[in-house]
Amino acid sequence: MGKYQSIDLDTKISQLVNLCEKNYNIDPALYQKYDVKRGLRDINGQGVRAGLTNISNVSATAIVDGESVPARGKLYYRGIDVEQIVKGFSEENRFGFEETVYLLLFGELPTKDALQQFQQLLVEARPLPTTFTRDVIMKSPSDDMMNTLARSVLTLYSYDPNPNDLSIANVLKQCIRLIAQFPSLAVYGYQAFEYYKNDESLFLHHPNPELSTAENILYMLRPDSKYSDLEAKILDLALVLHAEHGGGNNSSFTVHVVSSSGTDTYSAIAAALGSLKGPKHGGANIKVVHMFDDMMQTLPDWTDEEAVKNYLRALLHKEAFDRAGLIYGMGHAVYSISDPRATVFKGFVEKLSEEKGYQKEFALYSLVERLAPSVIAEERRIYKGVCANVDFYSGFVYRMLGLPYELFTPIFAISRIAGWSAHRLEELINANKIIRPAYKAVKDEIPYQKLEDR
């Protein structure tokens, strides 16, 4: 072998990028010519049906005089309106996430005894394997907690005596363990990051078996483990509202696709984490918070409606914040009149803002929620209405709770793994057929040329 000669990799890569851009580009007109639904959505934004599910349903239309018309958004878990679920446990002044997990996994609401037994099952499943925290989480912490979560999940494969067993009993056991362990994986990953990367003090609190999932997140995260009842109840509400959102959302569809190949549970959940990490999916709430930070620094008077409108116009014209042309937190692929999760969230958010002294910030959020749809309608040609989505308020809630930005998306994952687990079980029980959509090849055939003729 000849002497190794170093090269400027970045320079070589930049030269090759031109080839990629030249030979990967597809004429957008071809999608219409061949009736290909980009993003698996039609021209009206409706998702292409790729499967059937019993787990949840997202509705944004109603039938009036035989025609489909926009309606207030609704979200159903196993056929039950999520607003009714929230009303039920809220009126009884109890936590609702564990009940929601049970409903999603098993398809029906638990009795009081069944719920107590399931809560105890989660308690027993919470402890991480011996030395796992030291040997895995504390070593080489990542700047991104979603990568830390994915690495931890994939490593748990090695601690499972039957990782490839696809029997429903074994997969259910694996899913329950992951649901129970996700809070510790996320919080410990963050604590390791803070210690090694930011020189902060290191503390690791074991989960308290007497506490709910939401309470344990705050208990483990805070140095003094203290929290108010309202803080825990609102975090619990956030977990309930993020637990599932139809089989067509990107990460749940990822679970179906990957599970259909016959792979193990840890690989399927790690793939879902990779999907959720994307800013177009799970990372949107951070963008909302940063956008409002910029707005509050830019505007001297947060109550000046015309000034707020002008800032929103500047966002759309790529003249403000990150110049992406977006008002983050506004708009949804399905909902047009209202996102039920945002609607439910708002009342509780207002209570928390009063407890935390964020009334002025909440008033600005409410003002933007009211003004943004009309500004977007004036500035953009849109095929349906625009409303605030759940990300609009969730980041604000996490900030008021003192949660670090690094945990915003992992909190989403702690919740959504309930839905992912249900979709994995549904795929394994029903389909038994690998998901393989078709792609239309649009490159003309060309002959191979010998090397000296190129």
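The values are calculated or read from the model by the stated rules, or taken from the named source; none is laboratory data. None of these values were measured; they are calculated from a predicted model. Virtual Cβ from ideal backbone geometry, glycine too; neighbours counted across all protein chains shown. We work out accessible area using only protein heavy atoms, side chains counted, and drop any ligands, DNA or RNA first. Shrake-Rupley method; radii C 1.70, N 1.55, O 1.52, S 1.80 Å.
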With all protein chains present and a 1.4 Å probe, the order of HIS256, HIS332, HIS290 from largest accessible area down is HIS290, HIS332, HIS256
Taking the Cα centre of segment 357-427 as the origin, how large is its charge dipole in debye, to the nearest 20, when only Lys and Arg (+1) and Asp and Glu (-1) carry charge on their Cβ atoms? 120 debye
Just want the answer: with Cβ charges of +1 for Lys and Arg and -1 for Asp and Glu, which residue in GLY282, LEU312, MET296 is farthest toward the dipole's positive end in segment 187-317? GLY282
Relative contact order [Cα under 8 Å, 6+ residues apart], the chain, whole percent: 21 percent
Accessible area of the chain divided out per residue, in Å², using a probe of 1.4 angstrom: 53 Å²
Roughly speaking, what is the centre-to-centre gap between segment 27-64 and segment 129-183 when only Cα atoms are used, to the nearest Å? 34 Å
Where nothing but the Cβ of Lys and Arg (+1) and of Asp and Glu (-1) is charged, how large is the charge dipole of segment 346-396 around its Cα centre, in debye to the nearest 20? 180 debye
How many angstrom lie between the C-alpha centres of segment 329-400 and segment 287-319? 14 Å
If contacts are Cα pairs under 8 angstrom and at least 6 residues apart, what is the relative contact order of segment 89-239 in percent? 26 percent
Carbon plus sulfur, as percent of the 1.4 Å-probe accessible area of the chain, comes to 51 percent
Which helices, taking whole DSSP H runs in the chain, have alpha carbons extending 15 angstrom or more along the helix axis plus mean Kyte-Doolittle at least -0.5? 9-24, 112-125, 145-156, 168-198, 229-242, 265-277, 284-298, 305-316, 359-379, 390-400, 408-430
Gap in Å between the Cα centre of segment 83-110 and the Cα centre of segment 253-279? 26 Å
Put LYS433, LYS277 in order of accessible area, largest first, probe 1.4 Å, and you get LYS433, LYS277
Give the residue from ILE176, LEU122, VAL136 lying farthest towards the positive end of the charge dipole for segment 118-177; charges sit on Cβ (+1 for Lys and Arg, -1 for Asp and Glu) and the dipole is referred to the Cα centre. LEU122
Neighbourhood charge, 13 Å Cβ-Cβ cut-off, centred on HIS281 and excluding it, Lys, Arg +1 and Asp, Glu -1: +3
Based on the Cβ-Cβ distance of LEU30 and ILE446, what FRET efficiency does E = 1/(1 + (r/R0)^6) give at R0 = 25 Å, to the nearest 0.05? 0.90
Those GluC sites (Glu not before Pro) from segment 262-347 that are DSSP loop and have at most 15 other Cβ neighbours within 10 Å turn out to be GLU319
Per residue of the chain, what 222 nm ellipticity follows from adding -39500 (n - 2.57) for every DSSP H run with n ≥ 4, rounded to the nearest 500? -17500 deg cm²/dmol
(1) 28.0; (2) 29.2; (3) 23.6, with the label sought being that of the calculated mean projected area of the Cα convex hull in nm²: (2)
When a/c is below 1.5 the answer is rounded, else prolate if a/b is larger than b/c, else oblate, so apply that to segment 308-424 with a ≥ b ≥ c taken from the square roots of the Cα gyration tensor eigenvalues. oblate
Segment 184-249 - percent relative contact order, Cα under 8 Å, separation 6 or more: 24 percent
If every Lys and Arg gets +1 and every Asp and Glu gets -1 at its Cβ, then about the Cα centre the chain yields a dipole, in debye to the nearest 20, of 1200 debye
Contour minus end-to-end for GLU305 and SER228, with contour as 0.36 nm per residue of separation and end-to-end as the Cα-Cα distance? 24.3 nm
Using DSSP to define loop residues, name the trypsin sites (Lys or Arg not before Pro) in segment 18-121 whose beta-carbon has at most 12 other beta-carbon atoms within 10 Å. LYS37, ARG49
